[in-house]
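The values are calculated or read from the model by the stated rules, or taken from the named source; none is laboratory data. Just so you know, these numbers come straight off a predicted model, no measurement behind them. Glycine also receives a Cβ, built like all others from the backbone with ideal geometry; neighbour counts cover every protein chain displayed. For accessibility, only protein heavy atoms count, side chains too; no ligands or nucleic acids. Shrake-Rupley method; radii C 1.70, N 1.55, O 1.52, S 1.80 Å.
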Number of protein chains: 2
Amino acid sequence: MTIDRTSLRWNGWGPTNQHDALPKGAPAWDWIADALGMTAPLPQTPAKDISTCTLPASGLDGETRLSLERIVGANQVHTGDYERAFHTRGKSYHDLLHLRAGDLSNAPDAVVYPRSADETQALVEIAAASNIVLVPYGGGSSVVGGVTGREADETRICISVDTTLMASVLNVDDTAMTATAQAGIYGPALDKALAAHGVRLGHYPQSFEYSTLGGWVAARGAGQNSNRYGKAEKWLVSASVATPTGTWRTEATPASAAGPNLNQLLAGSEGTLGIITEATFKLHDVPETEDYRGYLFRTFAEGREAIRRIVQTEVPVAMLRLSDADETFFFRTLSSAGKEPGVKDHLTDAYLRLRGYADKPCVLLTGMEGDAANVSHARDRAARIIAASGGMHVGKSPGANWKAGRFHGPMVRDPMMDHGLGVDTLETSTFWPNIEHLHSCVTKALQDAITETLTDDRQRGIVMAHISHSYADGASLYFTFVFPRRLDGGLEGEVEQWLTIKRAASDAILANGGTISHHHGVGTDHAPWLGQEKGPLGMQMLDAIKKTIDPKGIMNPGKLLS
Amino acid sequence: MTIDRTSLRWNGWGPTNQHDALPKGAPAWDWIADALGMTAPLPQTPAKDISTCTLPASGLDGETRLSLERIVGANQVHTGDYERAFHTRGKSYHDLLHLRAGDLSNAPDAVVYPRSADETQALVEIAAASNIVLVPYGGGSSVVGGVTGREADETRICISVDTTLMASVLNVDDTAMTATAQAGIYGPALDKALAAHGVRLGHYPQSFEYSTLGGWVAARGAGQNSNRYGKAEKWLVSASVATPTGTWRTEATPASAAGPNLNQLLAGSEGTLGIITEATFKLHDVPETEDYRGYLFRTFAEGREAIRRIVQTEVPVAMLRLSDADETFFFRTLSSAGKEPGVKDHLTDAYLRLRGYADKPCVLLTGMEGDAANVSHARDRAARIIAASGGMHVGKSPGANWKAGRFHGPMVRDPMMDHGLGVDTLETSTFWPNIEHLHSCVTKALQDAITETLTDDRQRGIVMAHISHSYADGASLYFTFVFPRRLDGGLEGEVEQWLTIKRAASDAILANGGTISHHHGVGTDHAPWLGQEKGPLGMQMLDAIKKTIDPKGIMNPGKLLS
């Protein structure tokens, strides 16, 4: 089930033949233009075709090529334009700016597809001996610059190591409820193989269809149902990693006091220590039943309070997702743009007004999964807490709608970027007492920075946020922002516009008690802020580990530790 | 509420004035003698009185003393015999062998009691500048050699840093449900201070009364209700640590993808990186209600299967504790030794025989805590699973009995050691499919090794075990073993007897898929086996971190990393 690279967009999200998420002439365009203070029709800013892009010449010499081919076979060493372009960057807004402008200066010299842990280890050892840079690449879905092929100042040979031929489930243990799979398996393939045993990992990030097991661990990712299945660092049991110092098999134990558990160093290491080749992870039964539904709150604070109470009362939920008023409004308006409201819509609006939810309501989606007894217990308890916190039940359709489109968010980005619009997301987490403060500080920082980058003072940005991962002590905040792109300064100007916004948001996060990332990772984009979060001693420890395992710095340089 | 050292046994467990857990003439003595194949009366092997013990002269010079006094004040620098003897070793069987024989060769040169994080940091910096060894000491309850003052080959000045004057709760946040306390606070004082806010940490190790918050984190410990409250690495949110490289404030976030979470390096670091001065941890409401009760199983495997199903079905339990047949028999017989069975006992026995539980039953204790709805939901679900797995309900009294004596186990050790008996415990964990295999391998290794150390072939050891911590993927196994001490070779012979048994068990654990410790830690006793568990790369990483933070190796040398 490995996905052929030529069937995927090298400079966008998803398959090349996908249905256009926002087709030309869709009424939503007018509404977005209006909301951003832009004049319709929006500008045309199509991406460059690969045939018009120039790649730097591959620096892979014949001898090195031969040594790589001896390990993986001649068919698995690629220096062609498409493979190199495909592996030049990940899928962040910043990456897409470069790719769409045809800037492939970061292309790796070659792309290699090992087929086993042994081949990967041999590859890493040759690279270590020859001081060749390796960039681990799974789905390539990083949105923080985690898979950039050649960093700007890198003079060594750079090879992107694509893990996706390592895509087998090796073992399913339905007594321990753990499974072991090769790290390059994509989400849907893993899910399908496990479902045949009646089990699942339950890790469903928005990138699920185009990201891999190894990447989830490396980035310390979170799936949309993390309340039930946990972030990567929770479900990871153990792993095998090909490192320059040899194969690292992390300790495998249900729980231990045998010193620090080094699986927790691997989770979040982002390929800087080695290439994850296999991972063992926890399983759950495929849920007997599930229950997804929606509620409205009059304020974000009331919805947040409901989530806090549900989690702290230990109600077993799979997902709690609260959109702020702007996000609720944005998606509601976007989906209804161009439709004449019918009698039912008027009645609904009247009812909401009557109940006090019409002004700027916030929608909460709840999801429960498991056996019937647990789900009904959880649903009833959550419903009572939500009602007591001021929430109003609005039925199952918001849940069903969300589920139907749960992986499609990134597909809207490409058509928006085709129309002069910038769109990016960033996320953080903080403790419960700080949620509203951090929410408003980051929202304001984003709004102000967007405004600062715009020359036309009728224009403005849209900033919205949601809570999507919650814990006993706090929750994540996920921001989406849409803005008119500065088209007058070329690629450089566009990057500067993005950097201005990104810096403002990141500074606001760190200054106000947030983490620089809850689940996207650090990559290159967040590396400048990591020291502030970890502190000088923390950074010294991370550096010491890096130097011990990868003394020449060949593993994914420039990421995580800049 | 800090405990005065003179009120505690320097060479045993608990207060000096405690009630004798196994008084002279108790009928249990005869039964134990018989079970071990020893002739009654058992030998008298009293511990030496401190007045007859000789301490090595303190190597603390006047200049160093002055520099310490400048930081903590003259009253908090101790070189007297009792303080030094008290801080010579922890509370393992191995430690007690030495202490009871009057071997105080490991005494630190001085004992210092800092009163704040700042004082502790200043202390660590002076020690680093002068190459003085520091041994962090909280309750001193380590049972793995984690607080030994002076390691055998150490020539530097050694100072035991007693943290127990740092015993305040600094902050209780009942929104985030976290609290911050100084690390030297004892379990009961912490529990009492939190209870005033209606909350608890819920960490109740057997050592609860005589161990501290900092020690729980440093050792990666587990409380008896870990199913609900989690091991230390789960409830730890963040900490402040005084290290030779400066104060280390670990990152504080509900969850993050900002690289590896370094709190997970602190948990289990056992004082080898620095002295924990403050820790922030998760809270739970003091439970509205609780439900503890007992069940019998015909076999250990059936009981184990019930635990697995309860945990994997996500029934919210606080504790599941399954004794094997030997442990069930041992405690049942010990508590009834010397009592004439009454009519009720005969009827009970007859009923158990009829139901098939009379042969060698295994007792399971279940504990649920929380709000009434969760507890009744959990109790009913657990009861159904237990019944389906072959368990028979035997009421609430086994639960109540266990709760009443939950912290008293170690108090039986001193009187047993007074009567020529050795008693020690060790523990591990493994994945569900391996539980019975590991249980039988370690039991056999212990039995064989005990037999190997005995010269009288009528004598034998008693080995018993229980599961007390369970997870979705596996569980812990806790072994207790009692044996006739070899009294013919002096202290050296006794240590060799213990080492023979300890080595056999540790080798069996590692060879059969267990971790060298589930919650006791590594200390000096398990250090020889750590490399086998972590692998060469894991050990290199731990060494690199140690050398970075503590380049001179002044922090608790010889522990964890030998």
Of everything in segment A:520-550, what is under 20 Å from the mean Cα position of the chain (by Cα), in contact (Cβ under 8 Å) with a residue 40 or more places away in the chain, within 9 Å of chain B (Cβ to nearest Cβ) and open to solvent by less than 30 Å² (accessible area, probe 1.4 Å)? Give them in sequence order. A:Gly521, A:Val522, A:His526
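Which of the residues belonging to segment A:497-518 are in a loop (DSSP other than H, G, I, E, B) and surrounded by fewer than 24 Cβ atoms within 10 Å (Cβ to Cβ)? Let's see the steps before the verdict.
Keep residues of segment A:497-518 that are in a loop (DSSP other than H, G, I, E, B), which gives A:512-518.
If the condition is that a residue be in a loop (DSSP other than H, G, I, E, B) and surrounded by fewer than 24 Cβ atoms within 10 Å (Cβ to Cβ), then A:Asn512, A:Gly513 are the ones that fit.
Out of all the residues in segment B:456-478, which are part of a loop (DSSP other than H, G, I, E, B), open to solvent by 20 Å² or more (accessible area, probe 1.4 Å) and more than 14 Å from chain A (Cβ to nearest Cβ)? Outline the logic, then answer.
At the first step, the residues of segment B:456-478 found to be part of a loop (DSSP other than H, G, I, E, B) are B:456-461, B:468-469, B:471-473.
Next, only the ones that are open to solvent by 20 Å² or more (accessible area, probe 1.4 Å) stay: B:456-460, B:471-472.
Residues satisfying the conditions are B:Asp456, B:Asp457, B:Arg458, B:Gln459, B:Arg460.
Of these, B:Leu60, B:Leu42, B:Leu55, B:Leu8, which one is more than 30 Å from B:Ile157 (Cβ to Cβ), crowded, with 16+ Cβ neighbours inside 10 Å and not charged (D, E, K, R)?
On the way: B:Leu60 fails: more than 30 Å from B:Ile157 (Cβ to Cβ); B:Leu55 fails: more than 30 Å from B:Ile157 (Cβ to Cβ); B:Leu8 fails: more than 30 Å from B:Ile157 (Cβ to Cβ).
Selected residue: B:Leu42, the only one of B:Leu60, B:Leu42, B:Leu55, B:Leu8 that is more than 30 Å from B:Ile157 (Cβ to Cβ), crowded, with 16+ Cβ neighbours inside 10 Å and not charged (D, E, K, R).
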Identify, please: which residue in segment B:364-402 is at pLDDT 95 or above and touching a Gly at 6+ places or on another chain (Cβ under 6 Å) and is, among those, surrounded by the fewest Cβ atoms within 10 Å (Cβ to Cβ)? B:Leu365
For segment B:236-284, the count of residues that are touching a residue at least 40 places away in the same chain (Cβ under 8 Å), of a type in the set (Val, Ile, Thr) and either open to solvent by less than 10 Å² (accessible area, probe 1.4 Å) or at the interface with another protein chain (Cβ under 7 Å from one of its Cβ atoms) (or both) equals 6
Residue, nearest to A:Met319 (Cα to Cα), within segment A:367-406, restricted to residues that are within 14 Å of chain B (Cβ to nearest Cβ) and assigned to a strand (DSSP E or B): A:Met368
In segment A:79-105, how many are more than 15 Å from the chain's Cα centre (by Cα) and touching a residue at least 40 places away in the same chain (Cβ under 8 Å)? 16
Considering (1) facing chain A (nearest Cβ under 10 Å); (2) in contact (Cβ under 8 Å) with a residue 12 or more places away in the chain, say which one B:Gly202 fails and leave the rest. (1)
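For segment B:248-260, does any single residue satisfy the condition of being farther than 20 Å from A:Ala258 by Cα, part of a loop (DSSP other than H, G, I, E, B) and touching a Phe, Trp or Tyr at 6+ places or on another chain (Cβ under 7 Å)?
Looking only at segment B:248-260, we keep the residues that are farther than 20 Å from A:Ala258 by Cα, and these are B:248-259.
Next, only the ones that are part of a loop (DSSP other than H, G, I, E, B) stay: B:250-259.
Remaining after also requiring touching a Phe, Trp or Tyr at 6+ places or on another chain (Cβ under 7 Å): B:254-255.
Yes, segment B:248-260 has at least one match.
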Of the residues in segment B:222-235, those that are open to solvent by 10 Å² or more (accessible area, probe 1.4 Å) and either of a type in the set (D, E, K, R) or facing chain A (nearest Cβ under 7 Å) (or both) number 3
Over segment B:155-169, the set of residues more than 26 Å from the chain's Cα centre (by Cα) and touching a residue at least 24 places away in the same chain (Cβ under 8 Å) is B:Arg156, B:Ile157
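To keep it simple, each residue is scored yes or no on (1) open to solvent by less than 20 Å² (accessible area, probe 1.4 Å); (2) of a type in the set (A, V, I, L, M); (3) under 23 Å from the mean Cα position of the chain (by Cα).
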{"position": "B:Phe297", "(1), (2), (3)": "yes, no, no"}
{"position": "B:Glu302", "(1), (2), (3)": "no, no, no"}
{"position": "B:Glu305", "(1), (2), (3)": "no, no, no"}
{"position": "B:Arg309", "(1), (2), (3)": "no, no, no"}
{"position": "B:Val315", "(1), (2), (3)": "yes, yes, no"}
{"position": "B:Leu320", "(1), (2), (3)": "yes, yes, yes"}
{"position": "B:Asp324", "(1), (2), (3)": "yes, no, yes"}
{"position": "B:Lys339", "(1), (2), (3)": "no, no, no"}
{"position": "B:Val343", "(1), (2), (3)": "no, yes, no"}
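Going through A:Glu452, A:Glu427, A:Glu436 one at a time, which residue ends up being under 25 Å from A:Ala222 (Cβ atoms) and either over 17 Å from the mean Cα position of the chain (by Cα) or among the polar types (S, T, N, Q) (or both)? Before the answer, list the steps.
Values: A:Glu452 fails: under 25 Å from A:Ala222 (Cβ atoms); A:Glu427 fails: either over 17 Å from the mean Cα position of the chain (by Cα) or among the polar types (S, T, N, Q) (or both).
Of the residues listed, the single one that is under 25 Å from A:Ala222 (Cβ atoms) and either over 17 Å from the mean Cα position of the chain (by Cα) or among the polar types (S, T, N, Q) (or both) is A:Glu436.
Please determine whether any residue of segment B:350-358 is under 34 Å from the mean Cα position of the chain (by Cα) and either open to solvent by 70 Å² or more (accessible area, probe 1.4 Å) or among the hydrophobic types (A, V, I, L, M, F, W, C) (or both). Steps first, please.
Of the residues in segment B:350-358, the ones under 34 Å from the mean Cα position of the chain (by Cα) are B:357-358.
Right, trim to either open to solvent by 70 Å² or more (accessible area, probe 1.4 Å) or among the hydrophobic types (A, V, I, L, M, F, W, C) (or both) and you get B:358.
Looking through segment B:350-358, at least one residue is under 34 Å from the mean Cα position of the chain (by Cα) and either open to solvent by 70 Å² or more (accessible area, probe 1.4 Å) or among the hydrophobic types (A, V, I, L, M, F, W, C) (or both).
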Looking across segment B:479-496 at residues that are among the aliphatic types (A, V, I, L, M) and not in a helix (DSSP H, G or I), the single one that is farthest from B:Gln459 (Cα to Cα) is B:Leu487
Residue count, segment B:80-104, condition part of a loop (DSSP other than H, G, I, E, B) and in contact with a helix residue (DSSP H, G or I) (Cβ under 8 Å, 6 or more places away or on another chain), comes to 6
What strands (runs of 3 or more DSSP E), lying completely within segment B:265-359, carry at least 3 residues that are over 29 Å from B:Arg381 (Cβ atoms) and in contact with a strand residue (DSSP E or B) (Cβ under 9 Å, 6 or more places away or on another chain)? B:275-282
Tell me, yes or no, whether segment A:433-455 has at least one residue that is part of a strand (DSSP E or B), within 14 Å of chain B (Cβ to nearest Cβ) and modelled with pLDDT of 95 or more. no
For segment A:1-49, which residues satisfy the criterion of being at pLDDT below 90, of a type in the set (Ser, Thr, Tyr) and more than 19 Å from A:Ser142 (Cα to Cα)? A:Thr39
Can you list residue pairs whose Cβ atoms sit under 6 Å apart, with the first residue in segment A:376-391 being closer than 18 Å to A:Leu352 by Cα and the second being open to solvent by 30 Å² or more (accessible area, probe 1.4 Å) and acidic (Asp, Glu)? Count only pairs 6 or more apart in sequence or on different chains. A:Ser389/A:Glu302; A:Ser389/A:Glu305; A:Gly390/A:Glu302
